[in-house]
Amino acid sequence: MKKYIILIFAFVSLMSFSGCNDDEFLKEHPKYFYTPDNIFSTASQVDQVLVSCYSHIRQMYCIEIKYYTLNWSGSNGTDMFDIPVFRRGDTFNDYSTINPDISTFDTSFKQWFYLVSKANLALRSAQLDGIYWGSDKERAYAIAQAKFFRAWAYLNLGELFGGVPIVDAVVDTPRYDFVRATRVETYQYAIDNLESCLNDFPATPPSPGRIAKGAAQHALMELYIDKGVALEEEGKATEAKAAYVKAIEYGDALIDGGVHSLMTERFGKRKNEGPTYYYANNDAGQTSAHTYASAGVTIEGNVFWDMFQEGNTSYQTGNKESIWTISANYDAWKTEDGSAGFNFSRTYGPVFRDACSGYCDGSMEDVGGHGVCFIMPTMYTRDLIYQGKWADDMRNSEACMRRSFIGNVPGNEWYGKVIPWSVLYREGGSVDEGRGRIFPISCKISSDRYPAVAQGSNRTMLFRDQYAIRLGESILLRAEAKMRNGDNGGAASDINLLRNRAKCSYKVTAADVNLDLILDERARELVYEEHRWNTLLRMGGTVAVDRIKQYAYWDNPRNTLKKNFNLWPIPQNVIDSNKDAVIEQNPGWN
């Protein structure tokens, strides 16, 4: 497929820079170059453009694109994640330096519009005459996937940047006159895309990683909530309420429709197991004599842990909670596809080396693999949301959020014993060195099994598919829609669906329900899954600013965040290059 894309780019260049004014010349030479109208002849070629959309999502969500992925997908700079002590130069919350020229904003804006461009190309190609399709249903599904990707891009653009230009077709000549739609219009455009093809999606994913109807229903639920919040900010309370009602309707169809359901019983390849960790700090020392169990720490598996084990995340493997996953593939990685696995342990894992080298060292499974820690969870994420009555929670269990670490350096006083957090955090000494690089380890970013070690790799790579959408988040969206619609009792019932699954002793009531509770429950359920910048910014008002100031690990935002914003800035080079029309900057960023 790569040659087709190159040829299309070549075509665009010829159209853009040729000095010839002869229209006939431009029309008459299809034998000498390809155009978007003659390059596709088979359905499989169109599908390859759709595959490039799936690949683009994987690149954005799971693979580092400079620091963009860490700041957006990794939620760096939010209430949930911050920078470890030894990466202070990479902070994303010092607002004395963050401005519309920051590359994160520029990369994000462009990456989402690259997806729009690919989706437009797929849509245009799927609608061409002369392409053989096995059935009308096959063609309709191709069109639906293209429209989904376009809608998904505009959902994210609207949440991050507000109103943006609507590009609804392939652009094959240079343009410098784009005009912003409003935030409501941006959401409505995405809604219209999805509602026009909702019934053309299959009920279940035809193969792992492919989009099905549930993904579109989830996106529509989120879009209607987003639209409602934006309408409320415009003072249109009646229209906002109607939007929340629509969100609830789509939530009901998805959550109660019978296709997807929460996983409440143990399942999958390791349903009769729990994770096994060894505490010796070298390969030779990893024997049954050095298991956590032998040191008195038994870590029991549970259904939440099951959901994040390799081979358990796709709908096809029996996981009915799975709605849309981003695929990993160990066999493809072995054949030199470096993007077929996810470097989650490396990117998100703590660094015990140096800070704890005297008593807990190495890069084995017992310390979460070979972490280099580009970002770390704040104290809110690791501790505050589990304090008091919130502590009794499967998602806070040793299997899911491991807090017990055993000394693995022979001869040290902590060898073979659980190390207190006062020691790990260096309380009474250099606190930042301890808390600033060491933290509890989520089962979502680590494993007790790293298959790539057999190929000579270290313990950095995971080969389980990553959730893009699962029903747990859908339930929290419906709870939010109910709360915004004045039904706190219904919102509490939805939240308790997740708290019941997590065996929480405390169940929430209508009196507990507010925006902070929704955000806290999202943090407990979706840590390392949700894109927290999207969540905070779509809330409107000063929610993002208030929570960043309250929960950031470092004091940068408390000292430098003097503005109120609920949108990222439009990148300055986008404003400057659009010379034939004015693109206004978002409030707070001028």
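The values are calculated or read from the model by the stated rules, or taken from the named source; none is laboratory data. What you see is a predicted model, and the numbers here were worked out from it, not measured in a lab. Note that each Cβ is placed from the backbone with ideal geometry, even for glycine, and that neighbours are counted across all protein chains shown.
This table checks each residue for (1) in contact (Cβ under 8 Å) with a residue 24 or more places away in the chain; (2) surrounded by fewer than 20 Cβ atoms within 10 Å (Cβ to Cβ).
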site: E159; (1), (2): yes, no
site: G163; (1), (2): no, no
site: A169; (1), (2): yes, yes
site: I191; (1), (2): yes, no
site: L194; (1), (2): yes, no
site: G214; (1), (2): yes, no
site: L231; (1), (2): yes, no
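Here is a yes/no grid of residues against (1) in the same structural domain as T69 (by TED's automatic domain parsing); (2) in contact (Cβ under 8 Å) with a residue 24 or more places away in the chain; (3) in contact with a Ser or Thr (Cβ under 9 Å, 6 or more places away or on another chain):
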{"residue": "L497", "(1), (2), (3)": "no, yes, no"}
{"residue": "C504", "(1), (2), (3)": "no, yes, no"}
{"residue": "D512", "(1), (2), (3)": "no, no, no"}
{"residue": "E521", "(1), (2), (3)": "no, yes, no"}
{"residue": "Y551", "(1), (2), (3)": "yes, yes, yes"}
{"residue": "K563", "(1), (2), (3)": "yes, yes, no"}
{"residue": "P569", "(1), (2), (3)": "yes, yes, no"}
{"residue": "K579", "(1), (2), (3)": "yes, yes, no"}
{"residue": "E584", "(1), (2), (3)": "yes, yes, no"}
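Residues are listed down the side, and each one gets a yes or a no for (1) among the small types (G, A, S); (2) surrounded by fewer than 23 Cβ atoms within 10 Å (Cβ to Cβ); (3) touching a strand residue (DSSP E or B) at 6+ places or on another chain (Cβ under 9 Å):
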position: H56; (1), (2), (3): no, yes, no
position: I63; (1), (2), (3): no, yes, yes
position: N71; (1), (2), (3): no, no, no
position: G77; (1), (2), (3): yes, no, no
position: F81; (1), (2), (3): no, no, yes
position: T91; (1), (2), (3): no, yes, yes
position: S96; (1), (2), (3): yes, yes, no
position: T107; (1), (2), (3): no, yes, no
position: L128; (1), (2), (3): no, yes, no
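The single condition from (1) closer than 30 Å to A492 by Cα; (2) surrounded by 19 or more Cβ atoms within 10 Å (Cβ to Cβ) that R403 fails is (2). Is it the case that some residue within the range 75-96 is outside any loop (DSSP other than H, G, I, E, B), under 14 Å from the mean Cα position of the chain (by Cα) and within 18 Å of L160 (Cα to Cα)? There is at least one residue in the range 75-96 that is outside any loop (DSSP other than H, G, I, E, B), under 14 Å from the mean Cα position of the chain (by Cα) and within 18 Å of L160 (Cα to Cα). The requirement of being in a loop (DSSP other than H, G, I, E, B), over 20 Å from A140 (Cβ atoms) and not assigned by TED's automatic domain parsing to the domain that holds I143 is fulfilled somewhere in the range 200-213, by at least one residue. Every listed requirement among (1) of a type in the set (G, A, S); (2) in a helix (DSSP H, G or I); (3) farther than 25 Å from V367 by Cα; (4) modelled with pLDDT of 95 or more is met by G257 save one, (2). Checking the conditions here, which among N408, N500, N488, N514 is buried (at least 18 other Cβ atoms within 10 Å of the Cβ), of a type in the set (S, T, N, Q) and within 30 Å of K246 (Cα to Cα)? After applying the criteria, what remains is N488.
Scanning the range 534-549 for residues being touching a residue at least 12 places away in the same chain (Cβ under 8 Å) and more than 20 Å from V184 (Cα to Cα) gives a total of 4.
In the set A119, A144, only one residue is in contact with a Cys (Cβ under 7 Å, 6 or more places away or on another chain), small (G, A, S) and under 24 Å from W72 (Cβ atoms); that residue is A119.
Selection within the range 333-377: residues that are crowded, with 22+ Cβ neighbours inside 10 Å and hydroxyl-bearing (S, T, Y). The member of this set that is nearest to N458 (Cα to Cα) is S345. Among the residues of the range 279-322, those identified as touching a His at 6+ places or on another chain (Cβ under 7 Å) and at pLDDT below 95 are Y279, A280. Residues that are without any contact (Cβ under 8 Å) to a residue 12 or more places away in the chain, closer than 25 Å to I83 by Cα and among the β-branched types (V, I, T) do not occur anywhere in the range 432-446. From the list R459, R478, the one residue that fits, being in contact with a Gly (Cβ under 7 Å, 6 or more places away or on another chain) and not in a helix (DSSP H, G or I), is R459.
Regarding the range 518-533, can at least one residue be identified that is surrounded by 18 or more Cβ atoms within 10 Å (Cβ to Cβ), of a type in the set (F, W, Y), touching a helix residue (DSSP H, G or I) at 6+ places or on another chain (Cβ under 8 Å) and not in a loop (DSSP other than H, G, I, E, B)? Within the range 518-533 (the criterion being surrounded by 18 or more Cβ atoms within 10 Å (Cβ to Cβ), of a type in the set (F, W, Y), touching a helix residue (DSSP H, G or I) at 6+ places or on another chain (Cβ under 8 Å) and not in a loop (DSSP other than H, G, I, E, B)), the answer is yes, since at least one residue qualifies. Please go through the range 233-252 and pick out each residue that is among the aliphatic types (A, V, I, L, M) and either touching a Phe, Trp or Tyr at 6+ places or on another chain (Cβ under 8 Å) or farther than 15 Å from G486 by Cβ (or both). The answer is A243, A247. Provide a single number: the residues in the range 556-570 that are in a loop (DSSP other than H, G, I, E, B) and surrounded by fewer than 23 Cβ atoms within 10 Å (Cβ to Cβ). Residues that pass the stated criteria total 7.
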